[in-house]
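Values in this text are rule-based calculations from the coordinates and carry no lab data. This is a predicted model, so every value here is computed, not measured. Here the Cβ positions follow ideal geometry from the backbone for every residue, glycine too, while neighbour counts run over all protein chains shown.
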Amino acid sequence: MKRYFANLLCLPVLLLSALATAGEPALVRMATTTSTENSGLFTVIQPVFEQALDIRVHVIAVGTGKALELGRRGDVDVILVHAREAEEAFVKDGYGLARHEIMYNDFVIVGPPGDPAGVRGMRDAAKAFATIAESAEIFVSRGDESGTHKKENTIWQKAAILPQGGWYRQVGQGMGKTLQIAGELAAYTLVDRGTWLAYRANSPLQLLVSGGADMKNSYGIIAVSPERFPDVNYAAAQRLIDWFATPEAHAIIAGYSVDGEQLFYPVAK
Amino acid sequence: MDSLSAATAESFRLLFSGDVALWVIIFTSFSVSLKAILVAAPFAFVVAFLMAHLRYPGRRAMIAGFSALQSIPAVVVGLTVYLVFSRSGPLGDLKLLFTHTSMVIGQILLSFPLLVALSHAAFQAADRRVWETSVTLGATPSRAFMTLVHEVRFGLTTALIAGFGRIIAEVGCSMMVGGNILGYTRNIPTAIALETTKGEFAQAIALGMVLLTLALILNGMLAFFQGRGVMKS
């Protein structure tokens, strides 16, 4: 009986050690938002920087809230997200070294073509939100602590409204899924322009409000602090951050468009 | 309805166009889940056998415990494995998070209770005299165990099929500990989840059909070992 158990114990150990893949020389783990991946930008840009820097990047696309948490726990080497205040807090608390702004676009409000709340053409997001709340037309919120959700909360605060009631639906899903739900419900929602352009063709909704001063959506990249987590691949992460400041990177970001519309605007140093 | 049929047609085209990325995803799914079941099953069978064979205090509580654990949500297992292997967690130094190995470990934990509960039911139904006769005839305990395993092989195959079905289709744990990394830890269920959020329904349906087809082939092979599938006469 004893020998039998010894044999049995060996099996998993052997199998697991066979599973441990040989470590690749320069692996960078990047947590990023669903909007950068859903928009299709990474499909274009990732092969370019992997080849230019001779690194392998594992992209983990999650909401901004979770991306920051992965960084705070030292589970990734670099984060690329869009929630400026949360990012600055991340750096201030010593989890990241510095925030480098790499690109921006803006948020827009989309809704049913009939626009029952009557916000079409408004430029002030807070005013548009207040109008929607007053009409009690359905508004779909990400509700997931993502960058877009944080922006939405800021706008509600500015409008001095605490959104609640049957018209306010928090879905707790990624941007693409949220747009689909809003489409099915003929509802209003806040969306980053990148995702909106990528999804526009399949959505029954229309862009109704854009261009307000507080609708800027800026993307920052932060290397996770090697002082706090000695294990992180800081050298390669920093090379990646430096690469995003090169003319080559700017050209790719500026050149990425959907249906002839540019999705992101690179930030020159 | 129109979009459903269009998506299905498109999914057939994708499957037979030899898309490499698609096949990497399929390979990841099956290699992870097959490894998990191969590691988990021998342990589970031994535990189940001991529960059916020995009499000790707390045995029935243990049986009930394994049965209850079958209902554990995959995300809860995923979260637990994540917290253990996170670099801030107790086993963070192993650097296993977001790798195939952590996905395998998650799926082992997921399938184990199911394997134990179902194979225990098989052993429980076995005739104790099979064991006693083997031992009387001079078989070593491991030899007698193998005889018993052969005797209840249909029940154990059912356990294997159910366990494999549970993990090949689960999305919560793989998403959490694998990270859905393209070309590495993206498997069929996490890819379906992603493609659905992106509105790429054709791709999602194609992947769903691959999963079903390959599971059918695998089960067909196992059915071969099930014999004729009729009652003993």
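Some observations on this one:
- Lys/Arg +1, Asp/Glu -1 at C-beta; chain B dipole; positive extreme among B:ILE63, B:PHE201, B:THR8: B:ILE63
- Here chain B is treated with +1 on each Lys and Arg Cβ and -1 on each Asp and Glu Cβ, and its dipole about the Cα centre works out to around 820 debye.
- Look at the alpha carbon pairs under 8 Å that are at least 6 residues apart: their mean separation over the length of chain B gives a relative contact order of 31 percent.
- For the listed residue pairs A:LYS150/B:LYS198; A:LYS150/B:LYS35; A:LYS216/B:LYS95; A:LYS151/B:LYS35, the alpha carbons are over 32 angstrom apart in A:LYS150/B:LYS35; A:LYS216/B:LYS95; A:LYS151/B:LYS35.
- Rounded to the nearest 10 degrees, the inclination of helix A:2-19 to the longest alpha-carbon principal axis of chain A is 60 degrees.
- All other residues whose Cβ lies under 14 angstrom from that of A:THR64 are scored, Lys and Arg at +1 and Asp and Glu at -1, for a net of -2.
- Mean separation of Cα pairs under 8 Å and 6 or more residues apart, divided by the residue count, gives chain A a relative contact order of 27 percent.
- The angle between the Cα long axis of helix A:234-243 and the main principal axis of chain A comes to about 40°, on a 0 to 90 degree scale.
- Cα pair distances exceeding 35 angstrom across chain A, given as percent: 26
- Seen through its C-alpha gyration tensor, with square-root eigenvalues sorted a ≥ b ≥ c, segment A:112-195 comes out rounded because a/c lies under 1.5.
- Taken along the Cα-to-beta-carbon direction at a fixed 7 Å, the label points for A:GLU85 and B:VAL230 span 7.4 nm.
- Computed over neighbours whose Cβ is under 13 Å from that of B:VAL81, the net charge equals -2, Lys and Arg +1, Asp and Glu -1.
- For chymotrypsin sites (Phe, Trp or Tyr not before Pro), no site in segment B:46-130 is both called loop by DSSP and has at most 10 other Cβ atoms within 10 Å.
- For segment A:135-269, taking the reciprocal of the average inverse distance between every pair of different Cα atoms yields a Kirkwood hydrodynamic radius of 17.4 Å.
- Segment A:106-215, relative contact order [Cα under 8 Å, separation at least 6], %: 49
- Anisotropy class of the protein assembly as shown from Cα gyration tensor, a/c 1.5 cut: prolate
- Under 11 Å, Cβ to Cβ, from A:GLY94 - net charge with Lys/Arg +1 and Asp/Glu -1: +1
- Helix B:201-225 and the longest principal axis of the Cα set of chain B meet at an angle near 20°.
- Simple rule: put +1 on each Lys or Arg Cβ and -1 on each Asp or Glu Cβ in the protein assembly as shown, find the dipole, and look at A:GLN206, B:ASN219, B:ALA74; the Cα lying farthest toward the positive end is B:ASN219.
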